[in-house]
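The values are calculated or read from the model by the stated rules, or taken from the named source; none is laboratory data. Given the structure is predicted, the values throughout are model-derived calculations rather than measurements. Reconstructed Cβ throughout: ideal geometry from the backbone, glycine too, with neighbour counts over all protein chains shown. Areas reflect the complete protein model, heavy atoms only, side chains present, ligands, DNA and RNA absent. Shrake-Rupley method; radii C 1.70, N 1.55, O 1.52, S 1.80 Å.
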Amino acid sequence: RDVHQGPRPARAVEDLYRMKLLPVVFALPKADASPPPGIAEGVRQHFGPCVVLSIDAVWRCISAYPLPEGKLEGELRRLALLAGCFLPLRDVTYAAPKNKQLPVSGYVIRESLKLRTKDGDQTILLHECAPKMKELICQLCPEACTAAGIQRTPAADETMHLRVQLGMLLRQLKELWRVAVVLAVCIDAPGAQGVGELEDSEVVAKLEALGQEQRDTAADALAASRATLCMAVAAEVKRMGLEEVWNLKPLLSGRDIMHVTQAKGPQVGVLTTKALEWQLANPDASKEEALAWLAQSHAAPPP
């Protein structure tokens, strides 16, 4: 039921594809579903090959970690392979009841593989966060990114402190951040970029190359560079003091914010986020300093 738990998950998925069982095991929403899922035929055609290539890249990266303590073990390893397998589908949605557009990866995990709803939700979260993680990794370790064959992504917000952006992303991911790092460094791998990235001839060529000694040597060398990059990112996270930033207690409570700013309703949530971002940018600040900043930048106007 869950091929991602076996000793050779990438090979298991490849075998399913070559035996023409992948569309059965990883069944996409039916084309005649009501309402229609709206999945392009090209997605269905390239889904299998891209899944095989994507999980191969992620599996090699996980297997190439140079230090035992860096390896993803147990549940995190399984989730990395599950999310890595469906990385090509991260931008593909289908039409669900009540006119909702939902991620196809969640459908396959819940309805086809019959895995936990939590597995689908975590996979979707990882797919949403992986591109942002890649963007931050390119800023953290630019030289290692070049060595790992990662295409540089322009920063979406160059004005925000890097520690703030990384800290907020890690708070969203919590313990899954190491999995997101693996997906981020593999997101440019053939197949992982998306189901529409490869032409038919490219798909065939890359699939036929799987298992060949020359291809394996090159792929393993690239995987080693990606794994080294993962370790460098982990070292930067530790250096910044962000390893368990999701447990960081905010200096200012909602009550503090309402008292100083007279904010109400959704505005309290907005200012709570801004206060946390300020705290991440000023890790040694006290509550008194945070209150002073809030009063100076967001104090209620005089009556």
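Taking interchain pairs and intrachain pairs at least six residues apart, which have beta carbon atoms under 7 angstrom, with the first residue in segment 110-136 and in contact (Cβ under 8 Å) with a residue 24 or more places away in the chain and the second crowded, with 20+ Cβ neighbours inside 10 Å and aromatic (F, W, Y)?
Within 7 Å, the pairs are S112/F26; T123/F86.
Scanning segment 283-297 for residues that are in contact with a helix residue (DSSP H, G or I) (Cβ under 7 Å, 6 or more places away or on another chain) and surrounded by fewer than 17 Cβ atoms within 10 Å (Cβ to Cβ), which turns out modelled with the lowest pLDDT?
A295
For the subset of segment 92-123 comprising residues that are touching a strand residue (DSSP E or B) at 6+ places or on another chain (Cβ under 7 Å) and not hydrophobic (A, V, I, L, M, F, W, C), which member is surrounded by the fewest Cβ atoms within 10 Å (Cβ to Cβ)?
Ranking the qualifying residues of segment 92-123, first place goes to Q101.
One residue is enough: does segment 192-207 have a residue meeting the conditions at pLDDT 80 or above and either more than 12 Å from the chain's Cα centre (by Cα) or within 30 Å of V245 (Cα to Cα) (or both)?
Within segment 192-207 (the criterion being at pLDDT 80 or above and either more than 12 Å from the chain's Cα centre (by Cα) or within 30 Å of V245 (Cα to Cα) (or both)), the answer is yes, since at least one residue qualifies.
Take the conditions crowded, with 24+ Cβ neighbours inside 10 Å and at pLDDT 90 or above and apply them to V182. Does it pass?
yes
Tell me which of these A285 doesn't satisfy, since it passes every other one: (1) assigned to a helix (DSSP H, G or I); (2) in contact (Cβ under 8 Å) with a residue 12 or more places away in the chain; (3) among the small types (G, A, S).
Single failed check for A285: (1).
Residue by residue through segment 251-267, note down the ones that are over 10 Å from L291 (Cβ atoms) and open to solvent by less than 60 Å² (accessible area, probe 1.4 Å).
Across segment 251-267, the qualifying residues are S253, G254, T261, A263, G265.
Name the residue that is modelled with the lowest pLDDT, counting only residues in segment 9-39 that are exposed (fewer than 12 other Cβ atoms within 10 Å of the Cβ) and not in a helix (DSSP H, G or I).
Restricting to residues being exposed (fewer than 12 other Cβ atoms within 10 Å of the Cβ) and not in a helix (DSSP H, G or I), the top hit is S34.
Could you please let me know if A95 is part of a loop (DSSP other than H, G, I, E, B), at pLDDT below 95 and more than 20 Å from S54 (Cβ to Cβ)?
Against the criterion (part of a loop (DSSP other than H, G, I, E, B), at pLDDT below 95 and more than 20 Å from S54 (Cβ to Cβ)), A95 does not qualify.
Among the residues of segment 151-160, is any more than 26 Å from A232 (Cβ to Cβ), open to solvent by 60 Å² or more (accessible area, probe 1.4 Å), outside any helix (DSSP H, G or I) and of a type in the set (K, R)?
The answer is no, given that none of the residues of segment 151-160 is more than 26 Å from A232 (Cβ to Cβ), open to solvent by 60 Å² or more (accessible area, probe 1.4 Å), outside any helix (DSSP H, G or I) and of a type in the set (K, R).
Looking at segment 268-282, which of its residues are over 30 Å from R239 (Cα atoms) and buried (at least 17 other Cβ atoms within 10 Å of the Cβ)?
None; the set is empty.
I'd like to know if segment 61-69 contains one or more residues that are over 18 Å from the mean Cα position of the chain (by Cα), open to solvent by 50 Å² or more (accessible area, probe 1.4 Å), touching a residue at least 24 places away in the same chain (Cβ under 8 Å) and closer than 17 Å to A10 by Cα.
yes
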